[in-house]
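Step one of this worksheet: look at the structure below.
Nothing in this text is a laboratory measurement; each read-out follows from the coordinates by a stated rule. No experiment lies behind these values; they were computed from the predicted model shown. Reconstructed Cβ throughout: ideal geometry from the backbone, glycine too, with neighbour counts over all protein chains shown.
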Amino acid sequence: MDISTIKKINEKFQFLTKYCHIHPNHSMKLLDIIVITLSLLLLVDGINGEFNNPTTFDIIKWICYVAMIIIYILYRKGIHNNRV
């Protein structure tokens, strides 16, 4: 990847963050979609042979996945407990 490609990606990212705001009610749905997508990708990746012969990278990936799920659950409980 050359410098011009990185600059183009950076410009597009700045455009998205500046003009494409996510409504607060939709941010939780977006987080749900991200967690579900990552869960499905990890499950499909594991079924394709990772569970039989895991590498160090796979173990680190699973630890990060478990941490993501724990943080997601705590965040969801915090959102519901703080509503009045």
Q: Treating only the Cβ atoms of Lys and Arg (+1) and Asp and Glu (-1) as charged, compute the dipole magnitude of segment 23-82 about its Cα centre; round to the nearest 20 debye.
A: 300 debye
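Decide, for segment 31-74, between rounded, prolate and oblate: order the square roots of the alpha carbon gyration tensor eigenvalues as a ≥ b ≥ c, take rounded if a/c falls under 1.5, and otherwise choose prolate if a/b is larger than b/c, else oblate. Intermediate values should be presented prior to the final figure.
Values: a/c = 3.36, a/b = 1.59, b/c = 2.11.
Oblate shape, in that a/c is at least 1.5 and b/c is the bigger or equal ratio.
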